[in-house]
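*Asks:* Next up is a structure, given as C-alpha cells.
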Amino acid sequence: MITVADSAAQQSSAPAATRPGQPSRPNLILILADDLGYGDVTCNGATDVQTPHLDQFASEGMTLTRMRANCTVCSPTRAAIMTGMYPDRAGVPGVIRTHARNSWGYLRTDVPTLADRLGDAGYQTGIIGKWHLGLASPNTPCERGFDHFHGFLGDMMDDYDTHRRHGHNYMRLNDQEIDPKGHATELFTQWADDYLTEQAAASESPFFLYLAYNAPHFPIQPPDAWLERVQQRAPHLDAKRALNVAFVEHLDDQIGKLFARIDELGLRENTVIAFTSDNGGSLPHAQSNDPWRDGKQSHYDGGLRVPAWVRYPGKIAAGSRSDQPVLTFDLAATFLQYAGVPQPSEIDAIGLKDLLHGDSSTFASANSDRELYFVRREGGGHYVGHAYHALIQGRWKLMQNDPFSPLELYDLESDPQEANNQIAKQARVVAKMKPRLAAQIQQGGRIPWQAPPSTEPSETPAQ
C-alpha cells in the first residue's frame with residue numbers, strides 16, 4: 001500500500017503568464033458535483049446558501065437553464081457522460097455498487113469512453129475524484145482511457161475523512177491503493193491542482209480533466225469550521241439544513257481555489273470548463289431542488305434538473321443563458337466538438353457548440369423533434385430489480401417514479417412544477433408517446449447490464 005501525506009507532493013510551478021506555444025485546441029475540464037441540488041446555489045435563487053465562486057463562474061459563461069441529468073442517481077449519469085449513450089445502452093441503467101447482489105449495471109467494454117476518444121485525438125486525460133463505474137478490471141479508469149487517476153473507485157464514502165466504504169479502501173493513485181489523510185473534497189481539489197500544474201508545464205498537447213467530487217453526497221460532513229460559520233450567521237436554520245449549507249459552501253470554496261489556480265497557471269483563455277451535477281439533491285438530507293418538484297431518485301424535475309454552466313472566454317458570451325432542453329451527456333459530445341473529433345454515429349448525445357456560441361436558432365431547429373429518455377433500475381423491496389422510465393418530447397413528459405405505478409403525463413410548459421397529471425385528459429398525446437417510450441426501452445434491452453460470470457465482482461472485494 002502507498003501512503004500519501006495530507007496533500008500530494010507539489011509539482012514544480014509553471015509561470016502565471018499566458019503560456020507560449022499553447023495548443024490550438026482548447027483544454028477541457030468537466031467538474032461534476034454529486035447530488036448538488038438545483039436550488040442549492042445562490043444564482044439559482046437560494047437565499048440561505050452562499051456560493052460566490054460558482055456564482056462568479058456562472059456569470060462568466062453560459063447558464064444552461066434546462067439542463068437535466070441523464071438519470072436520477074449516480075452511476076447511470078456517469079456512464080452516459082463517459083459513453084455519450086443513454087444509460088441502459090451504456091450497460092448502466094442503475095447504480096453500480098460494491099456488493100454484486102445489489103449492483104444494477106456493468107459499463108460496456110466494447111464502446112470507447114470520452115477519455116478514449118480524446119486520448120486518440122492527442123489529449124492527455126486525467127480523472128480526479130469519484131469514478132463509480134467499476135471496481136475491478138476491465139472497468140477501472142486507467143483501463144478505460146485515462147492516463148491518470150487519483151481518486152475513489154466506489155459509490156460513496158461512509159466518512160469523508162477516512163474514505164472507506166463498508167470497511168474497504170477504494171482510494172487509488174492509478175492502480176495503486178493509497179490511504180491519504182484529509183477531507184475528500186480538499187484532497188480532490190489539491191490533486192486537481194497538482195494535475196493542472198503538471199499539464200501547464202508540459203504544453204505540447206491539450207488535456208482533458210474530469211474532476212468528479214463526492215460532495216455534497218451524504219453523509220453530509222462539512223469541516224467543523226464551516227458548520228460553525230453557518231450556525232453563527234443563521235442560527236435559525238434547521239440542523240440538517242445547516243449541515244448541507246455548510247457542505248455546499250465548503251465545496252464552493254474549494255472550487256474557487258481551483259479556478260484561481262487555473263488563472264495563475266495561465267490556462268483560463270484556452271480552457272473550456274463545464275460544471276454540473278449528476279442528479280438532483282436528496283430531500284431527506286435537506287438538499288434543495290427549488291423550484292422543481294421532488295428530488296434525487298425521482299423523475300419529477302427535482303430529480304433531474306441540475307445546475308449547469310459552461311465557460312470559454314472569448315467564445316461563449318459572459319452572462320449568456322439558454323433555455324434549450326439538454327442532457328448532461330451532451331457536454332461530452334460538446335467536448336468532442338471542441339477537440340475536433342467527428343461525432344460518433346452510435347452516440348445519443350448532441351454537441352452544444354453552436355448553442356454555446358450563440359446560434360440558438362440553428363440548434364433549436366436541428367433538434368426540434370429530440371426525445372429525452374430517462375431510465376433507472378433498482379433493487380430492494382420497492383423496485384425488486386425492475387426499471388422505471390420517463391420520456392420528454394416538446395412540452396410533454398410521460399413518466400413513472402417506480403416500476404409498479406401507473407404512467408403520469410405532465411405539460412411542462414403550462415405546469416413546470418408538475419402538479420397536474422394529464423394522463424386521463426390527453427389520450428392522443430399518450431397514444432403518441434407510449435410507442436416512442438417503448439422503442440427507447442427496446443434499444444436499451446439489447447445491452448447486458450450485469451457482469452459476465454467470469455468477471456463478476458466478489459461480495460468482499462480484495463484489498
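The values are calculated or read from the model by the stated rules, or taken from the named source; none is laboratory data. Only a predicted model underlies this, so the values are computations on that prediction, with no experimental measurement involved. Cβ coordinates were reconstructed from backbone atoms using ideal geometry, including for glycine residues, and neighbour counts include every protein chain displayed. Surface areas here come from the heavy atoms of the whole protein model, side chains and all, with no ligands, DNA or RNA. Shrake-Rupley method; radii C 1.70, N 1.55, O 1.52, S 1.80 Å.
*Asks:* Of all residues in the range 354-372, count the ones that are open to solvent by 40 Å² or more (accessible area, probe 1.4 Å) and touching a Lys or Arg at 6+ places or on another chain (Cβ under 8 Å).
*Replies:* 1
*Asks:* From L409, L391, L398, grab the single residue that is assigned to a strand (DSSP E or B), in contact (Cβ under 8 Å) with a residue 40 or more places away in the chain and either closer than 24 Å to D348 by Cβ or open to solvent by 30 Å² or more (accessible area, probe 1.4 Å) (or both). Steps first, please.
*Replies:* Details: L409 fails: in contact (Cβ under 8 Å) with a residue 40 or more places away in the chain; L398 fails: in contact (Cβ under 8 Å) with a residue 40 or more places away in the chain.
Within the list L409, L391, L398, the selection yields L391.
*Asks:* Counting only residues that are over 27 Å from D120 (Cα atoms) and hydrophobic (A, V, I, L, M, F, W, C), which one in the range 139-160 is surrounded by the most Cβ atoms within 10 Å (Cβ to Cβ)?
*Replies:* M157
*Asks:* Can I ask one more? Taking R101 and the conditions (1) under 19 Å from the mean Cα position of the chain (by Cα); (2) modelled with pLDDT under 95; (3) among the charged types (D, E, K, R), which numbered condition does it fall short on, given that it satisfies the others?
*Replies:* Of everything listed in (1) under 19 Å from the mean Cα position of the chain (by Cα); (2) modelled with pLDDT under 95; (3) among the charged types (D, E, K, R), R101 misses just condition (1).
*Asks:* OK, next. Taking the conditions exactly as written (out of contact with any helix residue (DSSP H, G or I) (no Cβ under 7 Å at 6 or more places or on another chain) and crowded, with 20+ Cβ neighbours inside 10 Å), does L135 satisfy them or not? Break it down into steps so the answer makes sense when it comes.
*Replies:* Working: out of contact with any helix residue (DSSP H, G or I) (no Cβ under 7 Å at 6 or more places or on another chain): yes; crowded, with 20+ Cβ neighbours inside 10 Å: yes.
In short, yes.
*Asks:* Return the only residue of E204, E198 being open to solvent by 10 Å² or more (accessible area, probe 1.4 Å), over 18 Å from T98 (Cβ atoms) and in a helix (DSSP H, G or I).
*Replies:* Just one listed residue meets the conditions, E198.
*Asks:* Taking the stated definitions as given, is D323 open to solvent by 20 Å² or more (accessible area, probe 1.4 Å), in contact (Cβ under 8 Å) with a residue 12 or more places away in the chain and within 19 Å of M82 (Cβ to Cβ)? Break it down stepwise before answering.
*Replies:* On the way: open to solvent by 20 Å² or more (accessible area, probe 1.4 Å): yes; in contact (Cβ under 8 Å) with a residue 12 or more places away in the chain: yes; within 19 Å of M82 (Cβ to Cβ): no.
It is false that D323 is open to solvent by 20 Å² or more (accessible area, probe 1.4 Å), in contact (Cβ under 8 Å) with a residue 12 or more places away in the chain and within 19 Å of M82 (Cβ to Cβ).
*Asks:* Can you tell me which condition T72 does not meet? The list is (1) crowded, with 24+ Cβ neighbours inside 10 Å; (2) over 24 Å from G379 (Cα atoms); (3) of a type in the set (S, T, N, Q), and all the others hold.
*Replies:* The number of the failed condition is (2).
*Asks:* I've got another one for you. For E228, work out the one condition from (1) within 16 Å of the chain's Cα centre (by Cα); (2) surrounded by fewer than 21 Cβ atoms within 10 Å (Cβ to Cβ); (3) among the acidic types (D, E) it doesn't fulfil.
*Replies:* (1)
Yes or no, residue by residue, for (1) farther than 24 Å from A192 by Cα; (2) under 20 Å from the mean Cα position of the chain (by Cα):
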{"position": "L243", "(1), (2)": "yes, no"}
{"position": "F259", "(1), (2)": "no, yes"}
{"position": "L267", "(1), (2)": "no, no"}
{"position": "S288", "(1), (2)": "yes, yes"}
{"position": "S320", "(1), (2)": "yes, no"}
{"position": "Q324", "(1), (2)": "yes, yes"}
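*Asks:* Further question on the same structure: Which condition breaks for S24 when tested against (1) at pLDDT 95 or above; (2) part of a loop (DSSP other than H, G, I, E, B); (3) more than 19 Å from P222 (Cα to Cα)?
*Replies:* Status for S24: all satisfied but (1).
*Asks:* Between a first residue in the range 218-236 that is touching a residue at least 60 places away in the same chain (Cβ under 8 Å) and over 26 Å from G154 (Cα atoms) and a second residue that is open to solvent by less than 60 Å² (accessible area, probe 1.4 Å) and among the small types (G, A, S), which pairs have beta carbons less than 8 Å apart while being 6 or more apart in sequence or on different chains?
*Replies:* Final answer for the pair search is A234/A242.
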